[in-house]
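Here the structure comes first, spelled out in C-alpha cells, and everything after it is commentary.
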Amino acid sequence: MKLITGATGYIGRHLVSRLVAQGERPRCLVRDEKKAASILPANKVELVQGATTQPATLNAALQGIETVVHTAFMTADKKETPSDHYEETNVGGTSNLILAAKAAGVKRVVELSGLGTK
C-alpha cells in the first residue's frame, strides 16, 4: 500500500488520480479530511488526518505501508512563506516522516521537492 503526503496539493492530487485510475486505493495523509474529501475521490482513497509536522499522527498513517510518496512541501516564496514555516514543513516535516517510516518498516520513500521553485 502507498501513503501519499500532500495529496490535496497540485502534484499530490494528480498522483492520487493516476493511482486510482490504475486500480490502487492509496492512503492519503491530510490535514483537513473535509477539504480532502471535496478534492479527492474519497470513496476510492483512504483519508488519514495528520501532518508531517505532527509526529504523533504519523505512526497510524504508516501502518501497513510499503511505499511513501512525499509531496507535502512549501515553495520558497519568501514574500509569502515565513522562513520558519518553510523550514518546519520542508525540513522538520520531512525528517519526521522519514524517521517514522523507518520505525514502521516502510520499504521505500520517494520525495518530491519544491527546492528552487518560485
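The values are calculated or read from the model by the stated rules, or taken from the named source; none is laboratory data. Worth saying up front: this structure is predicted, and the values here are computed from it rather than measured. A quick note on method: Cβ atoms are made from the backbone with ideal geometry, for glycine too, and the neighbour counts reach across all protein chains shown.
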How many residues does segment 1-26 contain that are touching a His at 6+ places or on another chain (Cβ under 9 Å) and of a type in the set (S, T, N, Q)? 1
Take the conditions touching a helix residue (DSSP H, G or I) at 6+ places or on another chain (Cβ under 6 Å), among the hydrophobic types (A, V, I, L, M, F, W, C), surrounded by 16 or more Cβ atoms within 10 Å (Cβ to Cβ) and not in a helix (DSSP H, G or I) and apply them to LEU29. Does it pass? yes
Verdict on GLY6 being exposed (fewer than 13 other Cβ atoms within 10 Å of the Cβ) and small (Gly, Ala, Ser): no
Looking at GLY50 and the list (1) modelled with pLDDT of 95 or more; (2) more than 13 Å from the chain's Cα centre (by Cα), which single condition is not satisfied? (2)
Restricting attention to segment 32-69, and to residues there that are polar (S, T, N, Q) and out of contact with any helix residue (DSSP H, G or I) (no Cβ under 7 Å at 6 or more places or on another chain), which single residue is nearest to ARG108 (Cα to Cα)? THR67
Enumerate the pairs (first residue in segment 6-33 and touching a residue at least 60 places away in the same chain (Cβ under 8 Å); second residue anywhere and assigned to a helix (DSSP H, G or I)) with beta-carbon separation below 8 Å, excluding pairs fewer than 6 apart on the same chain, so at least 6 apart or on different chains. GLY6/GLY12; ALA7/ARG13; ALA7/LEU15; ALA7/VAL16; ALA7/ALA36
In segment 12-26, residue surrounded by the most Cβ atoms within 10 Å (Cβ to Cβ) [restricted to those that are in a helix (DSSP H, G or I) and not small (Gly, Ala, Ser)]: VAL16
Within segment 33-47, tally of residues that are part of a loop (DSSP other than H, G, I, E, B) and at pLDDT 95 or above: 2
Applying the selection to segment 54-91, what residues are surrounded by 17 or more Cβ atoms within 10 Å (Cβ to Cβ) and either in a helix (DSSP H, G or I) or at pLDDT 95 or above (or both)? THR57, LEU58, ALA61, LEU62, ILE65, VAL68, VAL69, HIS70, TYR86, THR89, ASN90
